[in-house]
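Heads up, the thing below is written out as structure tokens.
Nothing in this text is a laboratory measurement; each read-out follows from the coordinates by a stated rule. These numbers were taken from a predicted model, which means no experiment stands behind them. Ideal geometry is used to build each Cβ from the backbone, glycine not excepted, and the neighbour counts take in all protein chains shown.
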Amino acid sequence: MRPKAPGLYISKWREDGPVPLEEAQQWREEFGWSDWMAIIEAALYLDAAELVELLRPELTAAQQATFDLVRRRMLGDHRLEDAIDKALDVCRAPETRDLALEGRLRMERGLQRFEKGDSAGAEEDLTWAETRLKSVAKASRDHDLSLLNKAAYHMAVGEDLMSLQVYGDISRHDNHAHETIAISRIGASRIHARYGRMFDAARNAWNGHAHAILANQVTMAIEAGSLFLDLSIGEQDESAIRFQKQVDDSKPRDAGERAPELNIHPDDVSGVFEWCMNHLHNEPTGQDRPDLRAMVMMAHRLDRINEFDWLLEKPELVEDSMLVAVVLGCSLTDQQNVAWTERMQSLMP
């Protein structure tokens, strides 16, 4: 079993704490964590200062060096490469060695190097970090991050297929966090779609949607769900096998072997659409609403735009100009078109 999210520990501290260290240690064991690192980082980000002070003396030297680095970043210090190297020295020293944190710090250094334009150094560090973390802390939070960062690096330098390979290393059967699996499947879906592999794109979007739901990440589940809908709405077939069975039956293919045709049962399309609609934040405000933009487009394509009547009648409340543009691309009444055009004009600089 994976440890519970460290944020839940902070919630318990706020509800039932403060408590002495001995009781805090008991809570930690109940939450499934073997050390304090993830919990003290969550306490720092969530401003649980009293818990931070309680736990700091309990950190090892390597954990203290890493925590100090995290705190500096949170305070806005971006000149961190020297600090990372000093923390690495602590993690490598025989008397304070920590193999897993060394892997994490190499990942941190890889990200710093990429930001500075050192692509070769970044790739070396990110690859080293993922290999180390896989060997000493497989499917841990840091290993998951190392995989996602390595995939993001390959995407950033235009190596889509290398990124796809890294996403493929995040197996659904290796105890990775549901959130990690969801992120990887969304990324893989977009890559497959760019290369015209529509069945694989839809399969990954479907799995991303499911794992985001399991992770209680509603926004991410809507992102994956709208991606699945975008790929599937034009491929509906009443005689199609239900898509979960198609996913379960899919197997790795040999080189040159053709992918299955994408055929989606309408019930699968409507099921994903309705889940997303039922969990959408039904409030038109917000300067960046990708969730609303995506679902308005899907509703328009499904001829269900009437389900957004609550939005169509309130253009004056919409703050996202891109959402206004999406709405204007839908089938509106003349009166609505005038109102939304005026709203677009009011949002233009």
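Some points to look at:
- From the alpha carbon centroid of the stretch 247-317 to that of the stretch 189-217 is 12 Å.
- Dipole check for the stretch 178-234: with +1 at the C-beta of Lys and Arg, -1 at the C-beta of Asp and Glu, and the Cα centre as origin, the magnitude is about 180 Debye.
- Basic side chains Lys and Arg get +1 at the Cβ, acidic Asp and Glu get -1 at the Cβ, and with that the dipole of the stretch 1-160 about its Cα centre reaches some 240 debye.
- Interatomic Cα distance distribution for the stretch 126-245, bins of 5 angstrom, percent: 2, 12, 21, 22, 20, 13, 6, 3, 1, 0
- Listed residues 176, 322, 6: farthest to the positive end of the dipole of the chain (Cβ charges): 176
- For the stretch 34-77, diffusion coefficient by Stokes-Einstein and Kirkwood Rh (Cα), 4 °C, 1.567 mPa s, µm²/s: 125 µm²/s
- Computed from the Cβ-Cβ distance with R0 of 25 Å, the FRET efficiency linking residue 61 to residue 22 stands at 0.65.
- As a proxy for reagent exposure, 91, 330 were ordered by neighbouring Cβ count within 10 angstrom, fewest first; the result is 330, 91.
- The Rg/Rh ratio for the chain, using Cα coordinates for both the radius of gyration and the Kirkwood hydrodynamic radius, is 1.02.
- Contour excess over end-to-end distance, with Cα ends at residue 322 and residue 2 and 0.36 nm allotted per residue: 111.3 nm
- Using the Cβ-Cβ distance between residue 174 and residue 342 with R0 = 45 Å, the FRET efficiency computed as 1/(1 + (r/R0)^6) comes to roughly 0.25.
- Over all projection directions, the Cα-based convex hull of the stretch 206-337 averages an area of 9.5 nm².
- Value at 222 nm in deg cm²/dmol, rounded to 500, when DSSP H runs of n ≥ 4 in the chain each add -39,500 (n - 2.57): -20500 deg cm²/dmol
- Derived scalar couplings ³J(HN,Hα) [the stretch 338-349; Karplus, 6.51 cos²θ - 1.76 cosθ + 1.60; whole Hz; x for Gly, Pro]: 5, 5, 6, 5, 5, 5, 4, 5, 5, 8, 6, x
- Alpha-carbon centroids, the stretch 1-19 and the stretch 27-74: separation in whole Å: 12 Å
- Of the residues 346, 265, 336, the one whose Cα sits farthest towards the positive end of the charge dipole of the stretch 253-349 is 346 (charges of +1 on Lys and Arg Cβ, -1 on Asp and Glu Cβ, taken about the Cα centre).
- Taken one residue at a time, the phi angles of the stretch 120-134 give Karplus couplings (6.51, -1.76, 1.60, θ = phi - 60°) of 5, x, 4, 4, 4, 5, 5, 5, 4, 4, 5, 5, 5, 5, 4 Hz. Gly and Pro are set to x.
- For residue 236, distant residues with modelled amide H under 5 Å away: 264
- The simple spin-label model puts a point 7 Å past each Cα toward its Cβ; for residue 97 and residue 45 those points are separated by 3.0 nm.
- Order of 9, 195, 153 - criterion: other Cβ atoms within 10 Å of each residue's Cβ, fewest first: 195, 153, 9
- Taking other C-beta atoms within 10 angstrom as a stand-in for reagent exposure, 245, 314, 150 fall in the order 245, 314, 150, fewest first.
- Rounded to 0.05, the FRET efficiency of the residue 73 and residue 138 pair, given R0 = 30 Å and the Cβ-Cβ distance, is 0.70.
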